[in-house]
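Before any comments, here is the structure.
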Amino acid sequence: MARKLHAAVAQLGPIHLADSRASVVKRLMAMMREAHGCGARFVVFPELALTTFFPRWWMTDQAEIDRFFEREMPGPETRPLFDLARDLGVGFYLGYAELTQEKGDLHRYNTSILVERDGRIVGRYRKIHLPGHSEHLPEAPFQHLEKRYFDVGNEGFRVWRAFDAVVGMCICNDRRWPETWRVMGLQGVEIVALGYNTPIENIHHREPEHLRMFHHLLSLQAGAYQNAAWVLAAAKCGAEDGFAMIGGSAIVAPTGEIAARALSEEDEVIGVDLDLELGDYLRRTVFAHGLQFREAPPDRALRAYHRAHRRQDGGLSRAASSGAIVCRGRASSGRSCRQGGRYRPPRDSCRIAPRSDAGGSCPGFRADGRCRAGCRSTGPRSAPSLRRRGGSWPSLGR
Ligand code: CDT
């Protein structure tokens with residue numbers, strides 16, 4: 001049976017300076033209920049989802065800055081969201097400003113957490129690519145002071161086994177950098193969750209407004225396809241106290257296709273029934289390094305990179321397989337492949353001719369479309385039916 005996860009993205013409209021945490025948590029809870037009503041078990045909320053995007057404001061008083069930070073998670077104001085998650089059996093990704101003590105010093109991070117369906121925090125990510133500047137720019141239409149208010153994340157790009165899948169997290173600006181995706185991709189990520197606050201204007205350089213949305217979607221779609229992962233991206237958008245940010249929350253399939261996209265710049269829930277095996281055929285064919293790179297690449301750096309891939313190929317065969325991947329061409333030594341592939345995978349599995357129980361494709365195909373090793377796989381699976389917007393989700397029907 002195919003592995004599936006009903007997942008939703010909960011886009012937030014503006015949060016103004018005057019809005020209280022309690023009012024924001026109510027909005028998050030309403031969207032969690034809506035997502036649950038449509039069958040979702042995982043909801044992605046935006047970056048800094050509990051407050052306005054405060055790095056746009058120049059502040060010098062540390063006490064004033066710290067009003068935007070959470071000292072504990074969950075705290076008194078966020079606990080109702082965790083309670084609801086546990087009651088409904090819906091997990092979530094949430095972005096917030098984290099104030100914490102490490103080795104006696106205070107640190108501030110732009111953080112996201114992964115919360116499982118029983119309300120437990122199972123993962124934490126601290127933003128690494130902090131955009132903007134740290135000095136006051138009085139000429140700019142607004143500030144982007146992430147470099148001033150946050151420390152650089154110190155925990156890397158990790159993945160977690162959660163929601164019966166391999167889940168990774170990143171935050172906003174991270175999505176523009178290929179290494180964000182690749183580091184998670186090399187760990188076998190199947191779902192990447194991310195939240196963002198993207199102003200419609202680049203204060204550092206004049207660029208046409210349409211490019212903001214184009215680069216956002218380009219980053220999601222390339223990251224999804226090149227790592228064969230689902231991407232769940234949640235915006236905080238609309239005009240916060242007059243400062244506009246893009247919407248465009250989206251769910252992108254491992255094929256790079258946009259499976260669902262928010263239409264508004266307000267609170268809006270979109271959802272898709274994720275087929276977690278949809279990316280498998282890409283890992284086994286287009287991106288099967290054991291198959292594509294029989295010869296060692298000539299360049300030294302590339303060689304090291306491909307060694308990492310080969311390790312990953314072995315990891316993927318374990319992480320991604322609900323149906324076990326077995327090499328029929330495995331020599332009795334268990335170390336090399338009878339098909340003559342020079343690739344020597346870790347453990348005793350071979351990526352050259354996996355038999356796909358899920359009907360996925362096999363990289364052992366000959367020109368006539370049959371598998372060298374006798375696998376009965378028939379080729380890539382077709383994409384799932386893709387749909388727009390939440391509300392009444394036919395594919396999630398209850
Ligand atoms: N929040 C965040 O990371 N926003 C950035 C704005 C970049 S322009 C300084 C983004 O990449 O969307």
Query raised in the report: Per the Cauchy relation, a quarter of the hull surface: what is the mean projected area of the convex hull of the alpha carbons in the stretch 4-280, in nm²?
Result: 13.5 nm²
Report task. Could you pull out the pairs from Lys147/Lys236; Lys103/Lys236; Lys26/Lys127 whose alpha carbons sit more than 28 Å apart here? Result -> Lys103/Lys236
Query raised in the report: Near Leu88, within a Cβ-to-Cβ distance under 10 Å, what is the net charge of the other residues, with Lys and Arg +1 and Asp and Glu -1?
Result: +2
Report summary line: Projected convex hull area of the stretch 115-169, Cα atoms, direction-averaged, in nm², equals 5.2 nm²
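The numbers here are math on the coordinates, done by the rules we state, and not lab data. Just so it is clear, the model here is predicted, and its values are computed rather than measured. Using ideal geometry, Cβ is built from the backbone for each residue, glycine included, and neighbour counts are taken over all protein chains shown.
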